[in-house]
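Asks: Please read through the structure below; I'll follow up with questions.
Values in this text are rule-based calculations from the coordinates and carry no lab data. This structure is a prediction, so every number in the text was calculated from the model and none was measured. Every residue, glycine among them, receives a Cβ derived from its backbone with ideal geometry; neighbour counts consider all protein chains shown.
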Ligand SMILES: NC(=O)c1ccc[n+]([C@@H]2O[C@H](COP(=O)([O-])OP(=O)(O)OC[C@H]3O[C@@H](n4cnc5c(N)ncnc54)[C@H](O)[C@@H]3O)[C@@H](O)[C@H]2O)c1
C-alpha cells in the first residue's frame, strides 16, 4: 500500500497538534506516510495525538514542547526535527487562540496574546524552517488562517487581525520563497467542530449552522484532507493561495 501514500517519508512539523484541527492533520499526514514532529505547549497534551498516529504508522513520532510565540522555543522544535531527520519537508502553522471581546472592552494583554500566538508564531516557525528548506531546495508551508481574516467579525478584532495578518504573510512568503522551490499556502476554515467552537452555546451553533449553505459545521478531518492536498505533489503548481473551507459560508 505504501506506493499510494502521498506523503511517504516526508518530515512534517505540526504546531498545536494536541487536539482539534492540528490533531486531525497529524492523523491524516501519518496515514499518508509522513514522519511527524508534533508541537504543543505541554508534552503530556500530545499523548492522545501520538496514540492516534501510532495506529496509522510505525514511524516514530517526535513530541516537542514549545510556546509558539517564543523564538528560542520555536528554534528548539525545528532543531529537534533537523537533529533527528536531517531535514524538514512540511511545516503546518496551526496553533491558535481566541480571546473574544468587544473592542471597547478588550484588554491590551488579550490583543498581545492573540497576535503573538496566532501571527508572531508563524513568522518564527517560517523563519526557522526557511534556512533548511532553502538548503534542501524544497519545502512546503501551510498556515491555518480563518475566514474571519477575510471578512472580519464583531467581537474578534484581535483574532481577525491576526488571521488577516497570516494571509498577507502567506502571500509575501510565497513570493519571497517561490524561486527556492518552497510553496506557502493558507487554509481559511469556516466553523469547524473543535474545542474552539465548543465555547459557543448550542443555540449560537444552530443559528450559525443555519447561515452555512451546507447547513453544518465542518469536521477537523475536512480541513486535514485539504492540508494533505496542499502538502502533496498534487498541488505542485499552487503557491500563495488561501483555500477557503467553510461549507459555503462566505459565498
Ligand atoms: N475551529 C474553528 O472553527 C476554526 C476556524 C477557523 C480557524 N481555526 C484555526 O485552526 C487552528 C486550530 O484550531 P482548533 O479549532 O483546532 O482549536 P483548539 O483550541 O482545539 O486547538 C488549538 C491548538 O493550539 C495550541 N496552542 C494554543 N496556544 C498555544 C501556544 N501559545 N503555544 C503552543 N500551542 C498553542 C493548543 O494547545 C491546541 O493544540 C487555530 O489556528 C484556529 O484559529 C479554527
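Asks: With the Cα gyration tensor of segment 93-146 giving a ≥ b ≥ c as the square roots of its eigenvalues, does the rule (a/c under 1.5 for rounded; else a/b larger than b/c for prolate; else oblate) give rounded, prolate or oblate?
Replies: prolate
Asks: Let me ask you something else. Over the chain, what is the relative contact order in percent, taking alpha-carbon pairs closer than 8 angstrom and at least six residues apart?
Replies: On the way: 497 pairs, mean separation 48.0, N = 251.
Relative contact order here is 19 percent.
Asks: Moving on. Order these peptides, 142-150, 10-18, by their mean beta-carbon neighbour count within 10 angstrom, highest first.
Replies: Ranked by mean Cβ neighbours within 10 Å, highest first: 10-18, 142-150.
Asks: Semi-axes of the equivalent ellipsoid of the chain: what are they in whole Å, largest first, if each equals the square root of 5 times a C-alpha gyration tensor eigenvalue? Working shown, then result.
Replies: Numbers: eigenvalues 151, 80, 67 Å².
Value: 27, 20, 18 Å, ordered largest first.
Asks: So, one more: Expressed as an acute angle from 0 to 90° and rounded to the nearest 10, what is the orientation of the C-alpha long axis of helix 157-177 relative to the principal long axis of the chain?
Replies: 30 degrees
Asks: Treat each spin label as a single point 7 Å out from the Cα along the C-beta direction, and report the residue 9 to residue 207 distance in nm.
Replies: 5.4 nm
Asks: Give, in nm to one decimal, the length gained when the segment between residue 225 and residue 58 is fully stretched (0.36 nm per residue of separation minus the Cα-Cα distance). If you can, show how the numbers build up before the last one.
Replies: Numbers: separation 167, 0.36 × 167 = 60.12 nm, distance 2.10 nm.
Length gained, residue 225 through residue 58: 58.0 nm.
Asks: Follow-up question, since we're still on this one. Go ahead and estimate [θ] at 222 nm for the chain from helices alone: -39,500 (n - 2.57) per DSSP H run with n ≥ 4, summed, over the residue count, rounded to 500.
Replies: When only DSSP H runs of four or more count, the value is -13500 deg cm²/dmol.
Asks: Note the full-extension length gain between residue 150 and residue 73 as 0.36 nm times their separation in residues minus their Cα-Cα distance, in nm to one decimal. Please list the in-between numbers first.
Replies: On the way: separation 77, 0.36 × 77 = 27.72 nm, distance 3.00 nm.
Full-extension gain reported as 24.7 nm.
Asks: A further question on this structure: Taking only the Cα atoms of segment 187-251, how large is their convex hull per residue, in Å³?
Replies: 87 Å³
Asks: Bin width 5 Å, origin at 0, all Cα-Cα pairs of segment 47-186: what percent of pairs per bin?
Replies: 2, 10, 17, 19, 18, 15, 11, 6, 2, 0, 0
Asks: For segment 1-104, what does the relative contact order come out to in percent, with C-alpha contacts under 8 Å and a separation of six or more?
Replies: On the way: 180 pairs, mean separation 32.9, N = 104.
That works out to 32 percent.
Asks: In addition: How far, in degrees from 0 to 90, does helix 220-231 lean away from the longest principal axis of the Cα atoms of the chain, to the nearest 10?
Replies: With rounding to tens, the tilt is 40 degrees.
Asks: Fully extended, how many nm does the chain gain between residue 104 and residue 199 (0.36 nm per residue separation, minus their Cα-Cα distance)? Please list the in-between numbers first.
Replies: On the way: separation 95, 0.36 × 95 = 34.20 nm, distance 2.15 nm.
32.1 nm is the gain from fully extending residue 104 to residue 199.
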